[in-house]
Amino acid sequence: MPQTLLEKIWNAHVVAQQPDSPAVLYIDLHLVHEVTSPQAFDGLRRRGVKLRRPDRTFATMDHGIPTHSRDLPIVDALAAKQIAQLETNAADFGITLYGLHQNTEKQGIVHVIGPELGLTQPGMTIVCGDSHTSTHGAFGALAFGIGTSEVEMVLATQCLLQRKPKTTQVRLDGSLRKGVGAKDIILGIIARYGIGAGTGSVFEYTGEAIRRLNMEERMTVCNMSIEGGARAGMIAPDDTTFQYVAGREFAPKGAAWDQAVAAWRRLPADEGAHYDGTLTLNADELTPMITYGTNPGMGMSVTGRVPDPAQIADVSQRNALSKALNYMALRPNQPLLGQPIDVVFIGSCTNSRISDLREAAALLKGRKVNPRVRVLVVPGSAQVKKQAEAEGLHIVFKEAGCEWREAGCSMCIAMNGDQLEPGQYAISTSNRNFEGRQGKGGRTFLASPLTAAASAVAGAVADVRTML
């Protein structure tokens with residue numbers, strides 16, 4: 001029978017399947033960071049268990065690592081402890097680590113370095129103790145986040161107990177207009193269909209608008225699939241994928257490369273494959289997007305107005321919106337254009353790659369950020385930082401009045417002082433706008449790098465199209 005992309009990968013990785021039970025699913029790549037792994041390694045020690053495949057396990061430091069000077073001590077005691085523990089665990093269990101003292105030139109956010117090192121490849125099953133592991137699905141991989149007990153299971157067995165999810169096709173036709181990017185695509189999808197649209201399923205993105213995206217843009221879309229309720233996001237591999245992977249450190253070489261590409265070309269869904277549901281969006285109709293509430297589904301066009309809870313029939317949704325607007329100190333029917341902001345954050349596993357920094361720098365070149373706005377630009381990896389500096393992007397950022405930082409998660413999770421103060425407003429290129437996510441009492445508007453850069457200049461929420 002015709003198969004979807006998910007079905008092809010799933011069927012190739014099932015080790016055992018008992019009736020009415022989860023499948024034993026083989027995992028090709030296990031990515032580890034300092035926050036969700038310490039308890040898992042402690043569990044292995046207590047049981048006297050070794051890693052099943054240390055060669056398929058790679059670790060990095062990203063969540064708690066400072067993005068200010070690496071010469072300064074880590075002020076967050078918990079972060080310092082977790083980072084030290086990861087160094088010990090990597091040494092004890094024979095894992096490759098990209099950290100503060102080992103392979104520092106390749107350290108970075110886990111969902112940035114996996115693709116740039118060529119660890120992420122089509123057809124793989126990939127897991128990490130982090131919900132935004134869905135990023136790697138941009139390569140035609142089945143990639144999803146797991147909990148701490150599951151991290152321990154994969155370390156010990158290289159397998160995981162999983163029930164097969166459904167597949168929802170998310171189709172985008174048409175072309176993006178000037179000033180509209182990949183972040184606007186995924187914010188537009190979630191705004192239209194809600195944060196529960198993908199519950200119990202994997203999103204497979206299709207359509208001409210998706211095919212036109214480069215790999216980094218595809219990663220942005222897949223990254224936030226989890227915010228739409230999906231278990232993962234996937235895009236079938238094509239020549240754009242193969243060109244990105246080719247020549248990277250862990251990519252197949254020589255004859256093995258030719259064999260791999262031949263296998264990868266068979267991964268896209270067969271004609272007539274069955275999807276459990278379909279969501280559609282016309283890229284021509286998309287505008288720059290921004291969130292106004294406290295979940296990523298509370299989004300609208302940057303030129304729109306904040307919705308009125310009184311117009312919502314569903315009681316729970318009405319109450320949720322009222323609560324969100326109260327937290328954000330926004331009024332119903334209020335436009336966000338011109339809303340003053342205090343901080344701009346350009347970074348995170350969603351938008352910290354070289355193409356994101358190029359976009360923001362192109363907008364900021366020759367301009368100054370508003371003097372009352374603090375702007376943090378945090379590259380996603382040491383390699384991204386090196387490339388940006390080779391292109392002179394860091395000079396553009398500094399001359400505009402931005403802070404140029406080291407690689408890490410930074411303000412996305414309010415670590416090591418990279419955070420909002422109570423009541424402050426931020427335009428953030430990260431993926432979550434929950435209450436307190438970027439600092440206790442902080443208020444976050446999610447947007448694209450272009451919208452963030454334009455707003456930094458204006459000192460308020462801005463429509464980047466007026467500056468292009």
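Restricted to the stretch 372-399, and to residues there that are open to solvent by 20 Å² or more (accessible area, probe 1.4 Å) and in contact (Cβ under 8 Å) with a residue 40 or more places away in the chain, the residue that is farthest from residue 132 (Cα to Cα) is 372.
Restricting 417, 366 to those that are open to solvent by 70 Å² or more (accessible area, probe 1.4 Å) and on the phi > 0 side of the Ramachandran plot reduces the list to 366.
When the residues of the stretch 17-40 are narrowed to those that are in a strand (DSSP E or B) and open to solvent by less than 10 Å² (accessible area, probe 1.4 Å), which ends up nearest to residue 60 (Cα to Cα)? Break it down into steps so the answer makes sense when it comes.
So the first thing to find is which residues in the stretch 17-40 are in a strand (DSSP E or B), and the list is 17, 23-26, 29-32.
Going one step further and asking which of them are open to solvent by less than 10 Å² (accessible area, probe 1.4 Å), we end up with 23, 25, 29-32.
Details: 23: 29, 25: 24, 29: 14, 30: 11, 31: 8, 32: 6 Å.
Once the filter is applied, the top-ranked residue is 32.
Residue 75 meets all of the listed conditions (1) closer than 18 Å to residue 148 by Cα; (2) of a type in the set (A, V, I, L, M); (3) at pLDDT below 95 but one, namely (1).
Out of all the residues in the stretch 400-410, which are crowded, with 21+ Cβ neighbours inside 10 Å and within 23 Å of the chain's Cα centre (by Cα)? Outline the logic, then answer.
Going residue by residue through the stretch 400-410, those that are crowded, with 21+ Cβ neighbours inside 10 Å are 400, 402, 405, 407-410.
Of everything in the stretch 400-410, those that are crowded, with 21+ Cβ neighbours inside 10 Å and within 23 Å of the chain's Cα centre (by Cα) turn out to be 402, 405, 407, 408, 409, 410.
Residues in the stretch 46-91 that are surrounded by 13 or more Cβ atoms within 10 Å (Cβ to Cβ) and of a type in the set (Asp, Glu) were compared, and the one that is nearest to residue 415 (Cα to Cα) is 76. Consider the stretch 95-119 and keep the residues that are assigned to a loop (DSSP other than H, G, I, E, B) and not aliphatic (A, V, I, L, M). The one that is farthest from residue 33 (Cα to Cα) is 118. Residues in the stretch 426-451 that are of a type in the set (Ser, Thr, Tyr) and open to solvent by 20 Å² or more (accessible area, probe 1.4 Å): none.
Checking the structure you have, find out if any residue of the stretch 159-169 is modelled with pLDDT of 95 or more and open to solvent by less than 10 Å² (accessible area, probe 1.4 Å).
Step one: filter the stretch 159-169 for residues modelled with pLDDT of 95 or more, giving 159-169.
Now restrict to residues that are open to solvent by less than 10 Å² (accessible area, probe 1.4 Å): 160, 167.
The answer is yes, given that some residue of the stretch 159-169 is modelled with pLDDT of 95 or more and open to solvent by less than 10 Å² (accessible area, probe 1.4 Å).
The set of residues in the stretch 255-292 that are acidic (Asp, Glu), in contact with a strand residue (DSSP E or B) (Cβ under 9 Å, 6 or more places away or on another chain) and closer than 30 Å to residue 305 by Cβ contains only 284. When residue 14 is tested against (1) closer than 30 Å to residue 272 by Cα; (2) open to solvent by less than 40 Å² (accessible area, probe 1.4 Å), only condition (2) is not met.
The values are calculated or read from the model by the stated rules, or taken from the named source; none is laboratory data. None of the values given here were measured: they were computed from a predicted structure. Virtual Cβ from ideal backbone geometry, glycine too; neighbours counted across all protein chains shown. We work out accessible area using only protein heavy atoms, side chains counted, and drop any ligands, DNA or RNA first. Shrake-Rupley method; radii C 1.70, N 1.55, O 1.52, S 1.80 Å.
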